Amino acid sequence: MKRQETIRLSGLQIGYCVRNEEHVVAERLDASISNGELTCLLGRNGAGKSTLLRTLAAFQPPLGGSIRLLGRALTAYSDRELSHLLGVVLTDKCDLTNMTAADLVAMGRAPYTGFWGALAASDRQEIDRAIAAVGIESLAGRKIQTLSDGERQKAMIAKVLAQQTPVILLDEPTAFLDYPSKVEIMQLLHRLTRETGKTIFLSTHDLELALQIADRIWLMKRGEPLITGTPEDLSIDGTLAGFFPQQGIAFDPATGLFRIRNRYREGVRLTGDGLLRAMAEKALRRVGIDPSASDERTETTVAVASDRFTIQRDGSAVECRSIAELLDALDR
Amino acid sequence: MKRRWIGIIGLLVIAVVVLGVLNLLIGTVEIPFRSVVRILFGEGAEESEIRRNIILKSRLPQALTALVAGAGLSVSGLQMQTVFRNPLAGPSVLGISSGASLGVALVVLVSGIGGHALSRLGYVGSLALTVSAIIGALAVMALIALISQKVKGNVTLLIIGVMIGYVANAVIGVLKFFSVEEDIRAYVIWGLGSFARVSGNQVTLFVTVMALLLPLSMLLVKTLNLLLLGDHYARNLGLDIRRARLLTIGSAGVSVAIVTAYCGPIMFLGLAVPHLCRGIFSTSDHRILMPASLLMGAVLALFCNLIARMPGFEGVLPINSVTALIGAPVVMWVLFRKRKNDLNE
């Protein structure tokens, strides 16, 4: 499928206008989003992610600059026209009762149905297709209030699919979900970009997932220009490493992912290989022991063999059968 | 599922007819069914003048009034609850009833300050009452509609509505203080609500106006369904939120204003009937809920009117007491039963 630019921001300034007084949240935003790609917007709380999303969804006007959607200024579209082009999944908590998941998905057809909102055969087909695409066939007849957060989010995504818009914006679709559901939703969205060629843009706090699944990421930081690129390019040029300049988070360039930075109180020399070694390394880091201390700094060696860990310290050796035993022995 | 809905709607239609007939049959004066039919079809030449008067000038207008008032209030209540996404919203919540009360209070009580108790003026007095109630209610509604275009949040609008209600009640309180006792009594009686006050000529006008308004409010079903999703989702699906809000509040407000003007502030029906219908039909689709609320409102109002007029109770039970006494347990029962069904699913 040919990649095409669907959304372009030029010199965009976003924020609020309260009593004729402008509150700028972010400015000089220049970037573009293409179809057939999953783009993830990352940034800390207060960076302006939600404001940007609301501006892109035309819920609030830009303070300056422009957004072009499919070659035309976003502000030039009517709400009616936009309902055919741009679908949203929001964090708004819908307090829907007595409505089945299928009814909710059917709402996505509203821009296409007539005065009374009656569904034609073609509408029903689209609804079934959307339900199948997110895999909630077995939930279709269930009431919304009986669904779990993850199931409800899938129903919301099915609704936006039924709306048949080339562009879909999602505000933190993985918030409040358990980890498997987060992965499932992200993979679902990624698969949809490939299968349908839709432009999917979402904001998220799930850094790890975004870096592993997104085609492109946007990094938003208060007072700094927007940075965009593939997760890998941004990790090569060091952008990601500098993105969280805090104690406690370290960027691991080898994996291109973030991990928690531990503060070590002591060190050991760790030898061996395989899964056991990797796990021993992880456990040691977790309890504040540097597993790669240099010879001058430590007298202790932990040797990993196929089924045991051996601690050599002060000329004596202690054998441990599990990580728990190993940590206990090291503590003594 | 759909078949079940049609079945229930059918039952409601039958209930309206049966209760309508019972309203004509039952009363302090016993009139046989055959006589009632003859009088209704204008063949009642041999029936006594008294019986004709009872049926045509008392029971029939009262039944018709109850029917359209119940339907109008219930449909308005449903519209209000949806547009404000608040289960406690009802026709009285936006201060529209208070507006009507203020209008009535101004006319009844202020006229008394000049030394002429309006309550003694008879027909002219009751017409003045109706007109002032409509003007008061519509004035408040226009104010709310204007504000609805300015403010964004539904909750803000709801609170402003409630505040307007408080202001209206405060003004009424002040007026009462300066009024003669006779007028205060007239005002209090109006405030109790009644389906019986609408007299022969006025009932035709009232029923005609409501018969035009009710079908108009049915035109908003798709809008109401979209509003359920919240402003942002509704807008994303192409709905013009401001227009939708204006139309819904306008439609509900005008109905409430007119019903309140003729019957006084009737409590409870508008709040309870939508909940009852959601519980019974187990749906949030307004294509079902709107006609269901209309019929259910008519059924409940006719039933309450029947109870209020039972031999022995006549003139004792104000309609507001009956609606609450009968309606509240019914609604609670439906909600409890539904909770159980939900858990069993």
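The values are calculated or read from the model by the stated rules, or taken from the named source; none is laboratory data. The structure presented is a predicted model; accordingly, all values stated were derived computationally and were not measured. Heads up, the Cβs are rebuilt from the backbone with ideal geometry, glycines too, and the neighbour counts pull from every protein chain shown.
Considering only residues that are surrounded by fewer than 17 Cβ atoms within 10 Å (Cβ to Cβ) and more than 7 Å from chain B (Cβ to nearest Cβ), which ones fall in the stretch A:69-80?
A:GLY71, A:ARG72, A:ALA73, A:THR75, A:ALA76, A:SER78 - these are the residues of the stretch A:69-80 that are surrounded by fewer than 17 Cβ atoms within 10 Å (Cβ to Cβ) and more than 7 Å from chain B (Cβ to nearest Cβ).
For residues that are among the small types (Gly, Ala, Ser) and surrounded by 12 or more Cβ atoms within 10 Å (Cβ to Cβ), scanning just the stretch A:243-284, find the one that is farthest from A:SER34 (Cα to Cα).
In this case the residue turns out to be A:GLY267.
What's the total number of residues in the stretch A:286-319 that are under 13 Å from A:TYR264 (Cα atoms) and among the charged types (D, E, K, R)?
Matching residues across the stretch A:286-319 total 3.
List every residue pair whose Cβ atoms sit under 9 Å apart, with the two residues 6 or more apart in sequence or on different chains, where the first one lies in the stretch A:274-294 and is in contact (Cβ under 8 Å) with a residue 40 or more places away in the chain and the second, anywhere, is assigned to a helix (DSSP H, G or I) and of a type in the set (D, E, K, R).
A:VAL287/A:ASP331
Which of the residues spanning the stretch B:149-177 are exposed (fewer than 13 other Cβ atoms within 10 Å of the Cβ) and either in a helix (DSSP H, G or I) or under 23 Å from the mean Cα position of the chain (by Cα) (or both)?
Scanning the stretch B:149-177 gives B:GLN149, B:LYS150, B:VAL155, B:ILE159, B:MET163, B:TYR166, B:ALA170, B:GLY173, B:VAL174, B:PHE177.
Would you confirm whether or not the stretch A:17-32 contains a residue that is assigned to a loop (DSSP other than H, G, I, E, B) and over 24 Å from the mean Cα position of the chain (by Cα)?
yes
When the stretch A:173-201 is examined, which residues are found to be within 18 Å of A:ALA155 (Cβ to Cβ), loosely packed, with under 15 Cβ neighbours inside 10 Å and basic (Lys, Arg)?
Across the stretch A:173-201, the qualifying residue is only A:ARG191.
Is it true that some residue in the stretch A:223-235 is over 27 Å from the mean Cα position of the chain (by Cα), in contact (Cβ under 8 Å) with a residue 12 or more places away in the chain and farther than 22 Å from A:ASP206 by Cβ?
No: the stretch A:223-235 contains no residue that is over 27 Å from the mean Cα position of the chain (by Cα), in contact (Cβ under 8 Å) with a residue 12 or more places away in the chain and farther than 22 Å from A:ASP206 by Cβ.
Tell me whether the stretch B:1-10 contains one or more residues that are under 24 Å from B:MET210 (Cα atoms), out of contact with any helix residue (DSSP H, G or I) (no Cβ under 9 Å at 6 or more places or on another chain) and in a helix (DSSP H, G or I).
Yes.
Which of (1) buried (at least 16 other Cβ atoms within 10 Å of the Cβ); (2) without any contact (Cβ under 8 Å) to a residue 24 or more places away in the chain; (3) farther than 30 Å from A:MET220 by Cβ does A:LEU330 not meet, given it meets every other one?
With (1) buried (at least 16 other Cβ atoms within 10 Å of the Cβ); (2) without any contact (Cβ under 8 Å) to a residue 24 or more places away in the chain; (3) farther than 30 Å from A:MET220 by Cβ applied to A:LEU330, the lone miss is (2).
Please state which of the following conditions A:ARG8 fails to meet, knowing it meets all the rest: (1) within 27 Å of A:PHE244 (Cβ to Cβ); (2) more than 13 Å from every other protein chain (Cβ to nearest Cβ).
Among (1) within 27 Å of A:PHE244 (Cβ to Cβ); (2) more than 13 Å from every other protein chain (Cβ to nearest Cβ), the lone unmet condition for A:ARG8 is (1).
Can you pull out every residue in the stretch B:194-213 that is modelled with pLDDT under 85, of a type in the set (Gly, Ala, Ser) and farther than 21 Å from B:ASN320 by Cα?
Result: B:GLY200, single match.
May I ask you to list the residues in the stretch B:268-289 that are part of a helix (DSSP H, G or I) and more than 30 Å from B:SER126 (Cα to Cα)?
Selection gives B:PRO274, B:HIS275, B:LEU276, B:CYS277, B:ARG278, B:GLY279, B:ILE280, B:PHE281, B:HIS286, B:ARG287, B:ILE288, B:LEU289.
Among (1) part of a loop (DSSP other than H, G, I, E, B); (2) free of Cβ contacts under 8 Å to residues at least 40 places away in the same chain; (3) not hydroxyl-bearing (Ser, Thr, Tyr), where does B:ARG85 come up short?
Against the list (1) part of a loop (DSSP other than H, G, I, E, B); (2) free of Cβ contacts under 8 Å to residues at least 40 places away in the same chain; (3) not hydroxyl-bearing (Ser, Thr, Tyr), B:ARG85 comes up short only on (2).
Considering every residue within the stretch B:223-239, establish whether at least one is facing chain A (nearest Cβ under 8 Å), touching a residue at least 60 places away in the same chain (Cβ under 8 Å), part of a helix (DSSP H, G or I) and at negative phi.
Yes, the stretch B:223-239 has at least one match.
If I ask for residues that are of a type in the set (A, V, I, L, M) and at pLDDT below 80, which ones from the stretch B:41-69 would you list?
If the condition is that a residue be of a type in the set (A, V, I, L, M) and at pLDDT below 80, then B:ALA45 is the only one that fits.
Test A:ALA210 against the stated conditions and say whether it is within 10 Å of the chain's Cα centre (by Cα), among the hydrophobic types (A, V, I, L, M, F, W, C), outside any helix (DSSP H, G or I) and over 28 Å from A:ARG72 (Cβ atoms).
Judged against the criteria, A:ALA210 is not a match.
Going by the structure shown, is A:GLY114 part of a strand (DSSP E or B) and either closer than 14 Å to A:GLN164 by Cβ or more than 7 Å from chain B (Cβ to nearest Cβ) (or both)?
no
For B:PRO265, are the conditions met, namely being surrounded by fewer than 19 Cβ atoms within 10 Å (Cβ to Cβ), in contact (Cβ under 8 Å) with a residue 60 or more places away in the chain, more than 14 Å from every other protein chain (Cβ to nearest Cβ) and not in a helix (DSSP H, G or I)?
Answer is no for this residue.
Take A:ASP215 and decide whether it is within 12 Å of the chain's Cα centre (by Cα) and assigned by TED's automatic domain parsing to the domain that holds A:GLN13.
yes
Here are A:THR91, A:THR97: which of them is more than 8 Å from chain B (Cβ to nearest Cβ), of a type in the set (S, T, N, Q), in contact (Cβ under 8 Å) with a residue 24 or more places away in the chain and not in a strand (DSSP E or B)?
None of the other options fit; the residue is A:THR91.
Between A:SER83, A:SER50, A:SER32, which is away from chain B (no Cβ under 14 Å) and not acidic (Asp, Glu)?
Within the list A:SER83, A:SER50, A:SER32, the selection yields A:SER32.
From the residues in the stretch A:97-115 that are surrounded by fewer than 22 Cβ atoms within 10 Å (Cβ to Cβ) and hydroxyl-bearing (Ser, Thr, Tyr), which one is farthest from the chain's Cα centre (by Cα)?
Within the stretch A:97-115, the match that is farthest from the chain's Cα centre (by Cα) is A:THR113.
Out of A:ALA241, A:ALA250, A:ALA214, A:ALA210, which single residue is within 30 Å of A:THR310 (Cβ to Cβ) and among the small types (Gly, Ala, Ser)?
A:ALA250
Any chance the stretch A:121-129 includes a residue that's facing chain B (nearest Cβ under 9 Å) and either in contact (Cβ under 8 Å) with a residue 24 or more places away in the chain or not in a helix (DSSP H, G or I) (or both)?
No: the stretch A:121-129 contains no residue that is facing chain B (nearest Cβ under 9 Å) and either in contact (Cβ under 8 Å) with a residue 24 or more places away in the chain or not in a helix (DSSP H, G or I) (or both).
Counting only residues that are at pLDDT 90 or above and surrounded by fewer than 21 Cβ atoms within 10 Å (Cβ to Cβ), which one in the stretch B:217-231 is farthest from A:ARG109 (Cα to Cα)?
Of everything passing the filter in the stretch B:217-231, B:MET218 is farthest from A:ARG109 (Cα to Cα).
Do we find a residue being more than 30 Å from A:LEU86 (Cα to Cα), within 14 Å of chain A (Cβ to nearest Cβ) and in contact (Cβ under 8 Å) with a residue 24 or more places away in the chain anywhere in the stretch B:207-216?
Within the stretch B:207-216, one or more residues are more than 30 Å from A:LEU86 (Cα to Cα), within 14 Å of chain A (Cβ to nearest Cβ) and in contact (Cβ under 8 Å) with a residue 24 or more places away in the chain.
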